Structures are given as structure tokens and as C-alpha cells.
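Structure record follows, encoded as C-alpha cells.
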Amino acid sequence: MISTVSTKPYADQKPGTSGLRKKVPVFQQENYAENFIQAIFDSLEGFEGQTLVIGGDGRYYNREVIQKALKMAAANGFGKVMVGKGGILSTPAASHVIRKYHAFGGIVLSASHNPGGPTEDFGIKYNIGNGGPAPEKITDAIFARTKVIDSYKIADVADIDLDTVGSFDLAGMTVEVIDPVTDYADLMETLFDFPAIRSLISGGFRVVIDSMSAVTGPYAVEILEKRLGAPAGSVRNEVPLPDFGHHHPDPNLVHAKELYDDVMSADGPDFGAASDGDGDRNMVVGKGMFVTPSDSLAMIAANATCAPGYKNGIAGIARSMPTSAAADRVAEKLGIGMFETPTGWKFFGNLMDAGKVTVCGEESFGTGSDHVREKDGLWAVLFWLNIVAARKQSVKQIVESHWAEYGRNYYSRHDYEGVDTDNANALVTALRAKLDSLPGTKINGLTVTAADDFAYHDPIDHSVSKNQGIRILFEGGSRIVFRLSGTGTSGATLRLYVERYEPDASRHGIETQEALADLIAAAEEVAEIKRYTGMNEPTVIT
Ligand code: G1P
Ligand code: ZN
């Protein structure tokens with residue numbers, strides 16, 4: 001019943017910022033997914049008889065890979081697999097299920113915010129027993145294994161019915177098909193003041209969530225419409241589709257523009273939110289006020305005690321290096337720890353496990369806490385609704401009073417997508433070569449105080465991660481950061497992050513790109529972006 005199948009290694013199975021991401025046709029090559037899954041199992045020890053969680057965001061090819069993973073888990077000796085009904089588990093829900101049921105780990109199938117479909121993106125990620133993405137030590141071992149793998153094990157059995165909740169036997173292993181929503185919705189109910197949010201909504205506060213035809217639809221319907229009493233239809237694009245209905249399921253001002261425009265219109269809703277393909281990102285828009293993800297982290301931290309799950313305060317805050325320093329001012333005021341990590345959620349896990357931080361965030365529309373070990377889109381949305389309900393103020397009032405108290409960190413990210421890989425690398429190499437000579441000089445009239453390539457020394461396991469982004473700091477706390485994306489599947493994406501701190505409240509109403517114009521020009525001057533990328537403008541500005 002168990003076969004050992006011979007295979008040949010693929011050279012390109014290096015996990016990126018968040019697992020292995022490739023186009024679907026790449027994953028459809030013979031044994032491609034099998035090789036990677038076997039390499040995961042070969043890099044782990046002690047899972048005999050243990051439980052594995054499997055789920056994905058429902059994108060194209062999800063079901064096929066889940067069937068393969070189930071049969072391979074059985075053949076490799078797992079005792080049980082818990083899999084979401086229909087193969088569905090949002091990334092934060094998968095993290096929660098791993099933790100709640102003390103699973104050995106989990107396989108999460110997603111390419112997050114990247115489009116889905118027969119020629120679009122797919123991904124496989126391994127999460128460890130704390131519910132979080134595997135640390136680099138494990139992803140490096142997986143990559144090393146993929147380079148030499150010569151066989152994989154699989155049970156020769158028929159496909160499992162993924163659409164019926166219940167337990168089944170698969171070659172001696174138990175498969176439990178679980179409802180993907182209930183555990184997660186129950187967890188949210190323990191963290192937030194549902195009665196207060198319910199009365200806010202019944203009092204006429206209009207909330208809309210755009211699930212972008214991706215995984216959060218069923219979660220948002222259960223929580224917002226069923227448990228919090230919002231009218232039917234408050235969750236839009238609520239049915240997860242394999243191709244996300246041709247949406248680009250990335251909740252930002254470009255891809256969730258319809259929602260943004262609706263909330264900004266005179267008779268539109270009071271509050272809008274959107275999530276990405278796998279449900280870990282979020283966008284929050286109040287009437288007349290878009291909340292930047294960096295600000296969202298700072299404001300959630302500053303108002304954390306409004307939510308019952310955080311009523312005793314937070315232990316510390318962590319943010320990825322390119323994320324604005326708005327949260328740092330909150331940590332300073334609260335007298336709690338502040339940690340700056342490389343890009344990618346996997347770097348927060350150790351800090352949360354050690355109890356050093358409670359909330360974490362990234363500028364890329366990711367916020368979360370130690371309730372799971374992934375960022376969590378709906379969690380952030382509920383946190384905002386809880387704060388609005390508790391403070392009895394609009395999002396706009398909350399944001400503006402925060403700026404008045406702490407100052408405003410103007411912030412923007414400019415992405416140059418689809419850049420020729422050699423040219424992108426050449427830009428970075430040229431910039432790196434200049435770093436030592438920059439401090440003390442002026443770029444576009446701005447004095448450089450420091451310039452380096454960010455390296456992270458993990459305070460818990462003492463691992464070192466180098467080359468995590470080039471940063472140039474200017475007098476007054478402004479900075480520009482350059483990084484190449486680690487999640488793309490074609491060409492290179494250059495990310496330029498721009499930040500200016502403005503303490504003066506009379507200068508908090510400037511349009512963001514205008515407030516950052518001299519820094520954007522400085523970035524062009526020092527990095528020659530137009531020349532290297534061949535582009536006159538970024539493809540996406542957030
Ligand atoms: C991007 C984001 C990063 C996030 C990751 C996974 O990675 O920038 O913050 O953790 O997606 O959602 P990048 O493409 O920049 O490597
Ligand atoms: Zn995501």
C-alpha cells in the first residue's frame with residue numbers, strides 16, 4: 001500500500017520570505033510538489049504517530065496538492081492529519097489549529113496576496129509546532145534536502161473526500177476533516193469585546209469587509225454577520241474562488257480601491273476592511289482616513305487595553321525593519337520592549353514564544369499578536385472595531401489624536417515590479433558598495449547620519465540573518481530603505497521604503513507623497529532607480 005517512488009531533484013526549490021512560491025505550471029511538473037513535501041518531512045524528526053495540520057487558501061491546485069500531502073503524510077508515519085473542510089484554512093486559522101490541538105506542525109498551501117489560477121501562483125509553507133512559519137534553520141535544511149532528494153513515499157489509495165466533516169482512515173493514518181471557521185471565530189470571541197462591537201453596529205455604525213473572493217469570506221460572514229449582527233451583504237466577495245474571481249487579492253489602496261472609494265464617499269460605510277488571499281493581511285479604512293499598516297501597529301499597541309484579551313497590557317512590540325518607527329514611540333511611552341526584525345513573520349516567533357512581545361507588525365499590511373504565530377487580517381479588523389467601540393470615536397479621530405500625541409511618521413512604499421533580475425541585483429550591489437562612504441555626506445540636500453545593510457541578531461536563538469535591506473538614515477529621523485522582494489515568482493521586485501517623522505501637529509495634514517518628495521528624490525539620486533529598472537515610475541505605491 002505504501003510506495004517509494006524514485007524522483008530527481010529540482011534546483012529551484014529554495015523557500016523565500018514565506019515558503020516556496022512558484023507559478024502553478026512549475027508546481028505541476030512531475031513530482032515537483034511531492035519532492036518539496038518529502039524534503040519537508042526529511043528535514044523533521046520525531047513526528048512518528050504525531051498530528052499534522054493541512055490547509056490552504058483554496059486557490060487553484062490547492063485540492064490536488066492536499067491529496068498528495070495527505071497520502072505522503074500517511075506513508076511517512078504521521079498518526080493523524082487535521083485538514084480544513086474543502087481543503088480550506090486561512091493562514092491564521094491554520095496557526096491556531098496547530099496550537100490548539102498541539103499538532104507537530106502544519107503544511108499551509110498558499111501564495112498569499114499573489115493572484116491564483118492555472119497560470120498564476122501557488123505555494124507550500126511548513127509551520128512548526130508553535131503555529132508559526134519554520135525558522136531559517138529548517139527552511140535551509142529543506143532546501144538542502146531538495147537538492148539531493150531521490151525518492152518520496154506515498155500511500156496508494158483513492159482520494160479522500162474533503163467536503164464532509166468527520167474522521168476517515170487513510171492507510172492506517174486518521175484524517176480528520178474539520179470545520180475551518182469555528183475554532184478561529186471562538187478564539188476571536190475570547191480576545192475582543194463582541195457585545196460592545198455588536199452594539200456599535202446595531203447603533204448604526206456601518207462596517208463592510210471585502211474578502212476579495214479569497215479565504216476570509218466564510219470567516220468574515222460567521223464573525224461579522226452572524227456573531228456581530230452586521231446586515232447580510234456586509235461581507236463582499238465572500239465566496240472563495242480558485243482564481244479569486246480574477247482579483248489580485250492584496251488588500252491595499254491599489255487592489256482594494258473600490259472599497260476605499262466607497263468608504264470615502266459621503267454616504268458610504270463608516271468602516272471598511274479587506275483581507276488577502278490567505279487571510280493574514282488586512283487593510284483598515286475609516287471614513288475620511290486610511291490607516292497605514294505601520295500606524296495601525298502603533299495605534300493597536302497604544303490602545304491595546306481596550307480589548308479584553310489584552311486588558312493587562314502588552315509585553316512588547318516587534319516590527320520588521322522597513323516598517324515605520326511609529327510603534328517605537330508607543331513602546332517608549334509604555335516602557336516596554338521594542339524589537340526590529342528582518343522582513344517576514346518567521347522572525348517574530350522566537351520573540352513571542354519567549355514572552356518578549358505581544359503585538360507585531362509589518363508595513364505590508366500585516367499585524368498580529370501572540371494569539372497565533374502568523375499575522376492575522378481579521379484579528380486586526382476586530383481590534384480596530386473594538387477600539388472604536390471602546391473609545392466611542394471615529395477611526396479618523398483616533399488616528400489624528402494619536403499623531404497629535406506621538407507625532408506622525410509619514411510613510412510610503414514604492415514597488416518596481418517585473419524588473420530584470422540582473423539589473424535589480426546590480427542596483428543593490430552598486431548601492432552596497434557606496435554605503436561606507438555615505439555618512440556625513442548630503443543626498444538631495446539631506447544629511448546622511450548612517451547607512452548599512454541590515455543584519456539581525458536574534459536575541460533568543462542567537463542566529464544571525466544578514467543582508468536584510470539597505471537603509472540610509474538622515475538627520476531628523478527620516479530614512480530610505482531598499483530591498484528586493486523574496487515572494488515574487490517572475491523577475492525581481494525592488495521595494496523602496498520611505499519615512500519621515502513629523503512631530504509638529506500643524507504639519508500633519510500634508511499629502512503623503514508630497515511630504516516625502518525630497519526623500520523620494522534622494523532615493524533616485526543615490527540608487528539611480530530609473531536607470532537600473534528602466535522604469536520612470538513605481539508600478540505600485542502603497
Ligand atoms: C512580502 C512583504 C513581507 C511579508 C511577506 C509575506 O515579502 O514585504 O512584509 O512578510 O510578503 O506576506 P517580500 O515580497 O517583500 O519579500
Ligand atoms: Zn497573506
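Counting just the residues of the stretch 500-542 that are hydroxyl-bearing (Ser, Thr, Tyr) and in a loop (DSSP other than H, G, I, E, B), which one comes out nearest to Asp452 (Cα to Cα)?
Checked the stretch 500-542; the qualifying residue nearest to Asp452 (Cα to Cα) is Thr542.
Residues are listed down the side, and each one gets a yes or a no for (1) open to solvent by 60 Å² or more (accessible area, probe 1.4 Å); (2) of a type in the set (Val, Ile, Thr):
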{"position": "Val330", "(1), (2)": "no, yes"}
{"position": "Phe348", "(1), (2)": "no, no"}
{"position": "Arg391", "(1), (2)": "yes, no"}
{"position": "His402", "(1), (2)": "no, no"}
{"position": "Glu417", "(1), (2)": "yes, no"}
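Going by the structure shown, is Ala144 closer than 20 Å to Glu45 by Cβ and surrounded by fewer than 23 Cβ atoms within 10 Å (Cβ to Cβ)?
Answer is yes for this residue.
Do you know which of the residues in the stretch 485-496 that are over 15 Å from Glu528 (Cα atoms) and away from ligand 2 (no atom under 16 Å from the Cβ) is most open to solvent (accessible area, probe 1.4 Å)?
Checked the stretch 485-496; the qualifying residue most open to solvent (accessible area, probe 1.4 Å) is Ser490.
Within the stretch 99-116, can you find the residues that are more than 16 Å from ligand 1 (Cβ to nearest atom) and closer than 28 Å to Val5 by Cβ? Before the answer, list the steps.
Initially, the stretch 99-116 is screened for residues more than 16 Å from ligand 1 (Cβ to nearest atom), giving 99-107.
Matches in the stretch 99-116: Ala103, Phe104, Gly105, Gly106, Ile107.
Go through the stretch 263-277 and count every residue that is open to solvent by 40 Å² or more (accessible area, probe 1.4 Å) and either closer than 20 Å to Pro293 by Cα or in contact with a strand residue (DSSP E or B) (Cβ under 7 Å, 6 or more places away or on another chain) (or both).
The number of residues fulfilling the criteria is 2.
In the stretch 269-294, what count of residues is obtained for those that are of a type in the set (Val, Ile, Thr) and within 16 Å of ligand 1 (Cβ to nearest atom)?
Number satisfying all stated conditions: 1.
Leu253: under 22 Å from Trp379 (Cβ atoms) and open to solvent by less than 40 Å² (accessible area, probe 1.4 Å), yes or no? Outline the logic, then answer.
On the way: under 22 Å from Trp379 (Cβ atoms): yes; open to solvent by less than 40 Å² (accessible area, probe 1.4 Å): no.
Taking the combined requirement at face value, the residue does not satisfy it.
Select, from Gly166, Gly105, Gly129, the only residue that is within 30 Å of Leu351 (Cα to Cα), free of Cβ contacts under 8 Å to residues at least 40 places away in the same chain and away from ligand 2 (no atom under 16 Å from the Cβ). Can you show your working first?
Details: Gly166 fails: within 30 Å of Leu351 (Cα to Cα); Gly105 fails: free of Cβ contacts under 8 Å to residues at least 40 places away in the same chain.
Answer to the check: Gly129.
So, in the stretch 222-250, of the ones that are aliphatic (A, V, I, L, M) and open to solvent by 40 Å² or more (accessible area, probe 1.4 Å), which residue ends up farthest from the chain's Cα centre (by Cα)?
Restricting to residues being aliphatic (A, V, I, L, M) and open to solvent by 40 Å² or more (accessible area, probe 1.4 Å), the top hit is Ala232.
Go through the stretch 65-94 and give me each residue that's among the β-branched types (Val, Ile, Thr) and within 20 Å of Asp376 (Cβ to Cβ).
Ile88, Thr91
Quick check on this structure: which one of Asn312, Asn303 is among the polar types (S, T, N, Q), at pLDDT 95 or above, surrounded by fewer than 24 Cβ atoms within 10 Å (Cβ to Cβ) and in contact with a helix residue (DSSP H, G or I) (Cβ under 7 Å, 6 or more places away or on another chain)? Give the steps one after another, and end with the answer.
Values: Asn312 fails: in contact with a helix residue (DSSP H, G or I) (Cβ under 7 Å, 6 or more places away or on another chain).
When all the criteria are applied, what remains is Asn303.
Grab the strands (runs of 3 or more DSSP E) fully contained in the stretch 1-111, keeping just those with 2 or more residues being open to solvent by 20 Å² or more (accessible area, probe 1.4 Å) and within 18 Å of Gly123 (Cβ to Cβ).
Where strands (runs of 3 or more DSSP E) fall fully within the stretch 1-111 and carry at least 2 residues being open to solvent by 20 Å² or more (accessible area, probe 1.4 Å) and within 18 Å of Gly123 (Cβ to Cβ), they are 20-23.
Look through the stretch 159-205, keep the residues that are open to solvent by 60 Å² or more (accessible area, probe 1.4 Å), in a strand (DSSP E or B) and of a type outside the set (D, E, K, R), and return whichever of them is farthest from Lys392 (Cα to Cα).
Within the stretch 159-205, the match that is farthest from Lys392 (Cα to Cα) is Phe168.
The values are calculated or read from the model by the stated rules, or taken from the named source; none is laboratory data. What you see is a predicted model, and the numbers here were worked out from it, not measured in a lab. Don't worry about glycine lacking a Cβ; one is built from the backbone with ideal geometry, like all the others, and counts go over all protein chains shown. Ligands, DNA and RNA are stripped out before the accessible areas are found, and what is left, the full protein with its side chains, is counted by its heavy atoms. Shrake-Rupley method; radii C 1.70, N 1.55, O 1.52, S 1.80 Å.
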